[in-house]
Structures are given as C-alpha cells and as structure tokens.
1. So which residues in segment 39-62 are surrounded by 12 or more Cβ atoms within 10 Å (Cβ to Cβ) and more than 16 Å from the chain's Cα centre (by Cα)?
2. Can you tell me which of VAL36, VAL22 is at pLDDT below 95, aliphatic (A, V, I, L, M) and exposed (fewer than 14 other Cβ atoms within 10 Å of the Cβ)?
3. Return yes when LEU49 is modelled with pLDDT of 95 or more, among the aliphatic types (A, V, I, L, M), closer than 21 Å to TYR111 by Cα and not in a loop (DSSP other than H, G, I, E, B) and no when it is not.
4. For segment 47-68, name all the residues that are free of Cβ contacts under 8 Å to residues at least 40 places away in the same chain and among the aromatic types (Phe, Trp, Tyr).
5. If you take the residues in segment 95-136 that are over 22 Å from VAL36 (Cα atoms) and of a type in the set (Phe, Trp, Tyr), which one is modelled with the highest pLDDT?
6. Take the conditions in a helix (DSSP H, G or I), at pLDDT below 90 and under 21 Å from GLU32 (Cα atoms) and apply them to VAL44. Does it pass?
7. Enumerate the pairs (first residue in segment 69-97 and exposed (fewer than 15 other Cβ atoms within 10 Å of the Cβ); second residue anywhere and assigned to a strand (DSSP E or B)) with beta-carbon separation below 9 Å, excluding pairs fewer than 6 apart on the same chain, so at least 6 apart or on different chains.
Amino acid sequence: MCISYSLRGIAEVWKHMEKGLVKDLLLENQEEIVSVVFAISSPVRFKILALLFERPFSFNDLIKRTFVQKTTLSNHLRILMSRNLIRKIKHGMYGITRKGTIYLGYTFDVYNNTRGAGKDIKEAEKRKRISGMFFE
C-alpha cells in the first residue's frame, strides 16, 4: 500500500488561511485531536498501527509482535478502536482504518520532513555568527 501525503501541500493551504481561523478550528476540535494524539502516543499502540498498516493481524500475532500480555493488548486495541484508527475485521482479526492510515501517513511525513529541522536551525545560526564576524 503506497500513500502519498504532502506537507508542502498542507503548508500552502495554511498560508492562505487566516491564523485566527486555524486557531478556531483547532480549538473547536481539540478534544478529538488530542484523543487521537493520545491514542498514537503509546509506543505499543504506535507499533500496532504500524504493523496493521502492512496487513491485518490476528490477536495472537499481535501478542507475539508487541510482547505484551493479553489484557494489555486488549486495552490498547480498545483505545485504538474507540478513536476509529483500527477495526475488528472478524473474530480475532484487526486491520487499520482509513483514518488510521491517514494519521500514520501524516505522522511519518511530519517526522520525515522535520527530523533535520533542529540541525538546520543550528547551522543557520552558525552561518549568521560567522558572517557577522566578517562584517563587523
């Protein structure tokens, strides 16, 4: 499954939106947004989403791959299902939903596009300091 998301496309839309409107939309939907962020903030739940992105898995296969107890896995699956990020396909089989795929895709895109951001800022500050030495 190949899904393409573009932060540049999102950034273009946001450029043209009034900051107050963006803030209002975020605040109006903050409970839902925070609940989804909470759901994917657990390393185990994030791993479950990533595994299900590839293909559906059975409950037993997820136990083997997450190394958690049955009750713990059940609780994690319940949280992910309550946020509509995964679904039960049939008895004991789980798959990722469209919403789960979108959140996982955007999470990867944000990570991929920002992982060097701190380094870029430090490099820019360093260049500015060095160039300042020549123009003093």
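The values are calculated or read from the model by the stated rules, or taken from the named source; none is laboratory data. The shown structure was predicted, so the numbers you read here are calculated from the model rather than taken from an experiment. Counting neighbours? That spans all protein chains shown, and the Cβs are built from the backbone with ideal geometry, glycine included.
1. Residues satisfying the conditions are PRO56, PHE57, SER58, PHE59, ASP61, LEU62.
2. Answer to the selection: VAL22.
3. yes
4. PHE57, PHE59, PHE67
5. Here the answer is PHE134.
6. Considered against the rule, which asks whether it is in a helix (DSSP H, G or I), at pLDDT below 90 and under 21 Å from GLU32 (Cα atoms), VAL44 comes out as no.
7. Matching pairs, first to second residue: LYS88/TYR94; LYS88/GLY95; ILE89/GLY95; GLY92/SER58; MET93/PHE57; MET93/SER58.
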